[in-house]
Amino acid sequence: MKIAVYPGSFDPVTNGHVDIVERASKIFDLVYVAIIANPEKDAYFDIKEREEMLKSAIRHIRKAKVESFDGLLVDYAERKKAHAIVRGLRAVSDFDYEFQMALTNLRMCPKIETIFIMTDYKYSYLSSSLVKQIAFLGGSVSGLVPRVVLKKLRKRGT
Ligand code: PNS
């Protein structure tokens, strides 16, 4: 059974994230979509909200499971007996950060590889921060995020 962990802040989940989970679950038997409970940057949505939105957004993906984690990613991945960490890669601008993270994780835990999935061109510009910024300024994020996120952003009065 090949297991992967797809970690992130998911603040909130976007259609780009959902696309990565769909594609990762074609490669792996089980994908843990792992939300970091206490991200470095302050989260707009609390962990419970992020978890609820993510669960609803990937409900259709049978091989994916939403969880949250704290502490080191590699420790969580080891507990889950994961073979790989999956990350989505958008533009070149993602590369430095992802490169540093992948190599640091590999140094700490050489048996877990980081695998990158190229984000679909439809979502190559998309990020959770951009979604929040557009929503806060009254723009439409329809088509960029799952329906559950749209509803949540509207409810918050953004
Ligand atoms: O969606 P993000 O914010 O780019 O995800 C970043 C995340 C959660 C994958 C990263 O911050 C992380 O793995 N944090 C856990 C702490 C850790 O293991 N740090 C060392 C990695 S170099």
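Which residue out of Ala34, Ala57 is buried (at least 16 other Cβ atoms within 10 Å of the Cβ), farther than 20 Å from Leu144 by Cα and modelled with pLDDT of 95 or more?
Answer to the check: Ala34.
What single numbered condition from (1) in contact with a Pro (Cβ under 9 Å, 6 or more places away or on another chain); (2) more than 13 Å from the ligand (Cβ to nearest atom); (3) small (Gly, Ala, Ser) fails to hold for Ser128?
With respect to (1) in contact with a Pro (Cβ under 9 Å, 6 or more places away or on another chain); (2) more than 13 Å from the ligand (Cβ to nearest atom); (3) small (Gly, Ala, Ser), Ser128 is out only on (2).
Evaluate the following for Lys48: is it part of a loop (DSSP other than H, G, I, E, B), open to solvent by 80 Å² or more (accessible area, probe 1.4 Å) and modelled with pLDDT of 95 or more?
no
Would you mind listing the strands (runs of 3 or more DSSP E) fully within the range 56-158 where at least 3 residues are touching a Ser or Thr at 6+ places or on another chain (Cβ under 7 Å)?
Of the strands (runs of 3 or more DSSP E) lying wholly inside the range 56-158, those with at least 3 residues that are touching a Ser or Thr at 6+ places or on another chain (Cβ under 7 Å) span 84-89.
State which residue is farthest from the chain's Cα centre (by Cα) when the search covers only the range 86-95 and only residues that are modelled with pLDDT of 95 or more and either open to solvent by 80 Å² or more (accessible area, probe 1.4 Å) or more than 8 Å from the ligand (Cβ to nearest atom) (or both).
Within the range 86-95, the match that is farthest from the chain's Cα centre (by Cα) is Leu89.
Got a number for residues in the range 105-128 being among the hydroxyl-bearing types (Ser, Thr, Tyr), surrounded by 13 or more Cβ atoms within 10 Å (Cβ to Cβ) and either more than 30 Å from Lys155 (Cβ to Cβ) or at pLDDT below 95 (or both)?
Matching residues across the range 105-128 total 4.
Give the residues of the range 1-29 that are under 19 Å from Phe69 (Cα atoms) and among the charged types (D, E, K, R), sorted by residue number.
Asp11
Please specify each residue of the range 60-85 satisfying the condition of being in contact with a Pro (Cβ under 9 Å, 6 or more places away or on another chain), open to solvent by less than 20 Å² (accessible area, probe 1.4 Å) and not aromatic (Phe, Trp, Tyr).
Once the filter is applied, which keeps residues that are in contact with a Pro (Cβ under 9 Å, 6 or more places away or on another chain), open to solvent by less than 20 Å² (accessible area, probe 1.4 Å) and not aromatic (Phe, Trp, Tyr), the range 60-85 yields Ala77, Ile85.
The values are calculated or read from the model by the stated rules, or taken from the named source; none is laboratory data. Note that the structure is a prediction, hence the values are computed from the model and not measured. Note that each Cβ is placed from the backbone with ideal geometry, even for glycine, and that neighbours are counted across all protein chains shown. These area figures cover heavy atoms from the full protein model, side chains too; ligands, DNA and RNA do not enter into them. Shrake-Rupley method; radii C 1.70, N 1.55, O 1.52, S 1.80 Å.
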